[in-house]
Amino acid sequence: MSLLKLASLTCIALALGACQSMSEPKPLAFTPDASEQVKAGCNGEDCPLVNIETVHFASDPQLDALIEQRLLKMTVNSPDDKLAPTLSAYREQFLRTADARNSMYLQAKVREQHDDLVIIELISYLDTGGAHGMPGRGFINWSRKDHKELTLQDMLLPGQEKAFWGAAKVAHNSWLINSRLGNDPQFVKTWPFQQTPNVALLKDAVVLKYDVYSIAPYSEGNVELVIPYSRLNGIVKPEWIPGRG
């Protein structure tokens, strides 16, 4: 191979590498923050407690504030509940009034970072001492470029919401088949497909997360449906499909 040809190939490789690095931004740095606190003066396994695991983005205070706000909203479990101003205030309020065996777990974790997006998964679990606790789930699709959380309308091309939920229903049918729950006509009748506000633009597929008792009984947990991007051409805006933005 001539030196000229070798130099040309090297330049091409370097150019491709530069393009790749430009299309894959450096992940946004974050700091984990975990704490667990029990009710003051209480000893034993039945003491009320609050466990909070979250993440902080020092370089993006808007995202940082949104994560705390969304976690706080997950603490509202009845019309009478008032939203605490901070997670610290919520923890103090919960422990002050909690009975034995009551506990709350709150978590925000980075599910993925790709292209322009940071995907945060939100998790809650309230235990009031009964047979089982009540879990909650949510997502934040954060656009680093626009400095905002994406709504479903932001993700979809105009007029494509019906098509999106049609693709979601196909994913639901696949879940029924793979889990063999679709073999039970009574289950299909009792637990029909529904929409969910929990949508995540992951790198390999769009994921929908469901609260318990929405499309399945508690024993099935938080059902997750997966829609490949190949089924969402002409539905999701190209800039939100990995590799096309």
In debye to the nearest 20, how big a dipole does segment 18-129 give about its Cα centre with +1 on each Lys and Arg Cβ and -1 on each Asp and Glu Cβ? 220 debye
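Grab the beta carbon distance between LYS237 and LYS148, set R0 = 22 Å, and tell me the FRET efficiency rounded to 0.05.
Plugging the Cβ-Cβ distance into 1/(1 + (r/R0)^6) gives 0.90.
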If you add up the charges near GLN160, with Lys and Arg at +1 and Asp and Glu at -1, over every other residue whose beta carbon is less than 15 angstrom from its beta carbon, what do you get? +1
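Could you tell me what percent of the accessible area of segment 159-232 is made up of carbon and sulfur, with a 1.4 Å probe and every protein chain present?
Values: 1990 of 3930 Å².
Roughly 51 percent of what the probe reaches on segment 159-232 is carbon or sulfur.
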Is it possible to state the helix-based mean residue ellipticity at 222 nm for the chain, with each DSSP H run of 4+ residues giving -39500 (n - 2.57), the sum divided by total residues, to the nearest 500 deg cm²/dmol? What is it? -9500 deg cm²/dmol
GLY243 neighbourhood, Cβ < 13 Å, K/R = +1, D/E = -1, net charge -3
How much accessible area per residue does the chain have, counting only protein heavy atoms and a probe of 1.4 Å, in square angstrom? 57 Å²
Testing the spin-label approximation: label points 7 Å from Cα along Cα→Cβ at SER88 and LYS189. State their distance in nm. 5.6 nm
Bridge orientation stat for the chain from DSSP, antiparallel percent rounded to 5, came to 90 percent
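Please give the charge dipole size of the chain, origin at the Cα centre, charges +1 on K and R Cβ atoms and -1 on D and E Cβ atoms. Round to the nearest 20 debye.
For this selection, approximately 740 debye.
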Two pseudo-spin positions, 7 Å from Cα along C-beta at SER230 and at ALA40, lie apart in nanometres by 6.0 nm
Quick one: Kirkwood hydrodynamic radius for segment 26-68, alpha-carbon pairs, angstrom, one decimal? 12.5 Å
What ranking of MET155, MET74 comes out by heavy-atom accessible area, probe 1.4 Å, highest first? MET74, MET155
Please list the non-local residues whose amide H lies under 5 Å from the amide H of HIS114, H modeled 1.01 Å from N, same-chain partners needing a gap of 5 or more. ILE119
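Using only the Cα atoms of segment 136-223, construct the convex hull and provide its projected area averaged over every direction, in square nanometres to one decimal.
Averaged projected hull area, Cα only: 6.6 nm².
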Subtracting the Cα-Cα distance from 0.36 nm times the residue separation, let me have the gained length for ASN222 to THR128 in nm, one decimal. 31.9 nm
Compute the length gained on full extension between LYS73 and SER179: take 0.36 nm times their separation in residues and subtract their Cα-Cα distance, giving the result in nm to one decimal. 35.0 nm
Contour excess over end-to-end distance, with Cα ends at GLN62 and ASP204 and 0.36 nm allotted per residue: 48.5 nm
How long are the semi-axes of the ellipsoid equivalent to the chain, from square roots of 5 times the Cα gyration tensor eigenvalues, in whole Å, largest first? 39, 27, 16
Taking a label point 7 Å from the Cα of ALA163 along Cα-to-Cβ, the residues of segment 214-245 whose backbone nitrogen sits under 13 Å from it are 230-238
Are any of the pairs LYS39/LYS73; LYS73/LYS189; LYS26/LYS162; LYS73/LYS209; LYS189/LYS237; LYS82/LYS169 more than 29 Å apart by Cα-Cα distance, and if so, which? LYS73/LYS189; LYS26/LYS162; LYS189/LYS237; LYS82/LYS169
Give me the percent of the accessible area of segment 37-152 that comes from carbon and sulfur atoms, probe 1.4 Å, all protein chains in place. 48 percent
With a cut-off of 8 Å between alpha carbons and a minimum separation of six or more residues, what is the relative contact order of segment 104-234 in percent? 20 percent
How many percent of the alpha carbon pairs in segment 20-139 exceed a separation of 24 Å? 33 percent
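The values are calculated or read from the model by the stated rules, or taken from the named source; none is laboratory data. Computed from a prediction, not measured in an experiment: that's the story for all the values here. Cβ atoms come from the backbone with ideal geometry, glycine included; neighbour counts cover every protein chain shown. In case anyone asks, the SASA skips ligands and DNA or RNA and just uses the protein heavy atoms, side chains included. Shrake-Rupley method; radii C 1.70, N 1.55, O 1.52, S 1.80 Å.
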